[in-house]
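Below is one structure, written out as structure tokens; comments come after it.
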Amino acid sequence: MPPSNSVQCPRCRTRFDDRAWDALDLSERIEAAEVGRFMRKWSGDECIEVRTCGFCKAPIPARRVRALQ
Ligand SMILES: [Zn+2]
């Protein structure tokens, strides 16, 4: 079973499941290769996404498993 991708906003505590998360505005994505330069233990199929909360507009960073193409 894949790790849960449920993400919680640090400001308003709203939880976003996969579909809700994907619907939020993406402000930044850091690919695995980039993250791997700074962190030793990082699996190649993960990236970091920063999306804007749909309720309070706070930026929410989340570690995400890259969707298989
Ligand atoms: Zn929020």
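The values are calculated or read from the model by the stated rules, or taken from the named source; none is laboratory data. All of these numbers come straight from a predicted model, not from anything done at the bench. Reconstructed Cβ throughout: ideal geometry from the backbone, glycine too, with neighbour counts over all protein chains shown.
Key figures for this structure:
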item: Selection status of E46, loosely packed, with under 12 Cβ neighbours inside 10 Å, more than 16 Å from the ligand (Cβ to nearest atom) and acidic (D, E); result: no
item: Those residues of segment 12-31 which are among the hydrophobic types (A, V, I, L, M, F, W, C), away from the ligand (no atom under 14 Å from the Cβ) and assigned to a loop (DSSP other than H, G, I, E, B), in sequence order; result: none
item: Residues that are without any contact (Cβ under 8 Å) to a residue 24 or more places away in the chain and either under 12 Å from the mean Cα position of the chain (by Cα) or assigned to a helix (DSSP H, G or I) (or both), drawn from segment 32-48; result: A33, E34, V35, G36, E46, C47, I48
item: Qualifying residue in segment 3-11 (condition: more than 13 Å from the chain's Cα centre (by Cα), more than 16 Å from the ligand (Cβ to nearest atom), at pLDDT below 85 and not β-branched (V, I, T)); result: no
